[in-house]
Amino acid sequence: MEFQARSVPKPSRSIDSASVWQSINEDVMLPRYQIDKTYDWNYTHSPDVVTGLDIPQVKGEWTFCGKRLDSPLGIAAGPLLNGRWVRYYASLGFDLVTYKTVRSRARECYPLPNLQPVLTGPVNGTETNVPTASEMLGSWAVSFGMPSREPDVWRKDVEETREQLPKGKLLNVSVVGTDQPGFTLEDLAADYALCAKWAVESGADTVEANLSCPNVSTCDGQLYQQPEAAGLVAAIIREQIGDTPLIIKVGHTTEPAAVEALLKALSPAVNACAMTNSVAVRVRNPESGEELFDGEKRGICGSACRDASLLQTQLFVDAVKRLNLAVEIVGVGGIETAQHVNDYLNQGASIVQLATAAMVDPEVGVNIRRSL
Ligand SMILES: Cc1cc2nc3c(=O)[nH]c(=O)nc-3n(C[C@H](O)[C@H](O)[C@H](O)COP(=O)(O)O)c2cc1C
């Protein structure tokens with residue numbers, strides 16, 4: 001079923017959590033993720049494909065991992081909970097669309113709030129905490145815990161999604177291994193690889209392995225900080241996916257030596273690294289003084305993580321050049337405008353992915369394409 005652009009009264013352009021619609025022009029409005037509702041509610045209330053929109057062409061030839069794309073614009077792992085969300089954002093001018101991280105078994109989402117607006121300027125991870133905000137001002141703390149449907153559900157959904165996506169769009173499936181009591185690193189790697197293999201069998205054009213989640217305390221959330229372990233996981237995934245491009249999602253780092261070590265370990269098996277999976281900081285209620293999320297850190301996403309992500313992109317691009325590696329870099333973090341896209345591309349990223357800005361304003365891809 002398709003969402004036909006229709007005439008409805010234009011609402012205010014406020015981005016408060018209660019409003020359902022986002023305007024695309026004077027009289028057409030688009031649905032978006034509802035942050036005051038659960039992950040399950042948003043999963044089942046997925047929007048229809050939009051038709052009848054003018055999607056501006058982006059000049060130039062764009063390729064990623066040897067595959068052609070219509071633009072360098074992608075959606076990061078997160079906003080696209082299932083195939084309907086994937087197809088919706090593909091219809092809004094995004095060309096590398098990432099299916100939110102899936103697992104080898106079902107996993108519940110963390111309780112609300114999953115998206116807590118925060119009031120902060122740029123963060124770099126040294127902050128003691130950041131205060132909550134009562135409305136979305138560009139940045140939020142993300143707390144989902146990487147929920148997943150049963151493999152039977154997501155595998156079928158990925159297959160149907162790829163069949164329905166037009167040419168020029170790449171379907172990227174994000175996977176994560178699920179740590180179990182008694183698991184060795186090899187067991188965890190095999191679990192990552194199983195999900196990656198299933199994703200490829202279902203038609204994924206590229207696979208993204210998430211080696212960083214600031215919101216889970218198990219070792220699958222921190223692998224990017226252990227080069228040898230990360231290299232092993234990547235190598236075992238590679239054995240299962242043939243020559244399908246493999247992207248590794250990494251978390252925040254500022255250490256050139258750590259970046260070099262990680263790239264050296266990953267490069268035999270991977271085609272690209274995507275960064276950054278937010279900057280982890282604690283979140284405090286400024287009125288009560290209490291910390292949210294039991295005092296654990298959460299990933300701060302949106303404009304607050306842009307400077308840190310850009311710096312990290314530069315670190316990785318420089319190291320790739322120095323080491324003469326064939327690894328592409330995907331820029332992620334705080335992208336809201338064509339200028340931000342160009343900042344990442346000028347830094348040496350091949351393409352970019354958006355999460356927060358695209359959730360707040362589904363029109364952002366169209367607006368960026370107009371100015372690119
Ligand atoms: C709602 C939401 C859910 C996310 N879920 C995932 C996830 O499942 N896997 C992952 O690798 N990153 C996840 N992320 C992180 C994003 O992929 C991205 O790295 C981060 O949000 C920074 O980009 P942004 O500033 O454009 O939001 C999520 C982010 C958001 C906002």
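Derivation of every value follows stated rules applied to the coordinates shown; laboratory data play no part. Keep in mind that what you see is a predicted model, and the values were worked out from it rather than measured. So basically every Cβ, Gly included, is an ideal-geometry build from the backbone, and we count neighbours across all protein chains shown.
Points worth noting:
- Nitroxide proxy distance, nm - points 7 Å out along Cα→Cβ at residue 228 and residue 296: 2.7 nm
- The chain, relative contact order in percent, only Cα pairs under 8 angstrom and at least six apart counted: 18 percent
- Unsatisfied cross-links (Cα-Cα over 32 Å) in the set 37/297; 167/264; 197/264; 59/100: 167/264
- Over the stretch 207-322 - Rg/Rh using Cα atoms and the Kirkwood inverse-distance radius: 1.03
- For the chain, the percent of C-alpha pairs falling in each 20 Å distance bin, counted from 0 to the bin holding the largest distance, reads 31, 62, 7.
- Model label sites at residue 34 and residue 53, defined 7 Å from Cα along the beta-carbon direction, differ in position by 2.0 nm.
- Estimated FRET transfer efficiency (residue 112, residue 163; beta-carbon r; R0 56 Å; 0.05): 0.95
- When 35, 75 are arranged by Cβ crowding within 10 Å, least crowded first, meaning fewest neighbours, the order is 35, 75.
- Comparing Cα centroids, the stretch 244-293 and the stretch 111-154 end up 15 angstrom apart.
- Stokes-Einstein D in µm²/s, Kirkwood radius over Cα pairs - the stretch 81-198 at 37 °C with 0.692 mPa s viscosity: 198 µm²/s
- Projected label points at residue 67 and residue 288, each 7 Å from Cα along the beta carbon direction, are separated by 4.5 nanometres.
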